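Everything below concerns the one structure shown next.
Each reported figure results from applying straightforward, stated rules to the coordinates on display, with no laboratory input. Remember, it's a predicted structure, so these values are computed and weren't measured experimentally. Here Cβ is always computed from backbone atoms with ideal geometry, including for glycine, and neighbour counts include all displayed protein chains.
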Amino acid sequence: MNHVNLKPGERLDDLQLSGYGIIQDPSRFCFGVDAVLLTDFTRVKKGECVLDLGTGTGVIPILLEAKTKGARFTGLEIQEESADMARRSVEYNRLQEKVDIVTGDIKEAAEIFKTASFDVITVNPPYMLEQHGLKNAGDARTIARHEVLCTLEDILRESAKILPESKGRFYMIHKPFRLVEIFQKMCHYKIEPKRIQFVHSYVDKEPTMVMIEGMKGGNSRVTVEPPVILYP
């Protein structure tokens, strides 16, 4: 059994995949079904390199390593406490040769990483605009849910700088009520929407999430995939 180094308040959760586990602190923020859905939606080809922006405790790079044949996975996280948990999860799962966790700001991602150094970017960003029900701007849960430390604009601007000019792919899960804004900003930064898939809690309810694939410099053609129904 792998050794796990837990700090007070932390727990080790079973990812139910490849025997992997992840260290989380329930008082800060724990990953949800959106992160798992995004890894199912994301297409990573053999040998590709993936960057996850705002990786939190590193669940998306770890799941993508298990689900795909990608060569290298990197997570960027601004909160050192979360990045530290992510690194310890990488060590617990013995993935140091394939998964890197970098502490840094999404707004400076293009300065941290080289242009065209990643084939794929993933992001499960804060969904809510800063003014929506904001209470404590420094709280880890607030940072995960609200655009306090980075905005949609920051994410797309930096992704456009990092992805290669052709065939670079961008994957994001977000809220349907911001879809028009998302498409406008993606097109502005020449990340063309190529696939979208709505997520519904129940078949007769409105979608609660939407997943989007964009291609840097891609042609204007989008495919709407059959919806995901969480509770059929």
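So the values come out like this:
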{"item": "The chain: projected area of the alpha-carbon convex hull, averaged over directions, in nm²", "result": "12.7"}
{"item": "Length released on extending from Glu153 to Cys187, taking residue separation times 0.36 nm less the Cα-Cα span", "result": "11.1 nm"}
{"item": "Electrostatic dipole magnitude of the chain [Cβ: Lys, Arg +1; Asp, Glu -1; Cα centre; debye, to 20]", "result": "680"}
{"item": "Projected label distance in nm at Thr223 and Ser18, using a 7 Å step from Cα toward the beta-carbon", "result": "2.5"}
{"item": "Cβ-based exposure ranking for Thr57, Thr74, Thr39, in which fewest neighbours within 10 Å come first", "result": "Thr74, Thr39, Thr57"}
{"item": "Segment 149-205: GluC sites (Glu not before Pro) falling in loop per DSSP and having at most 11 other Cβ within 10 Å", "result": "Glu165"}
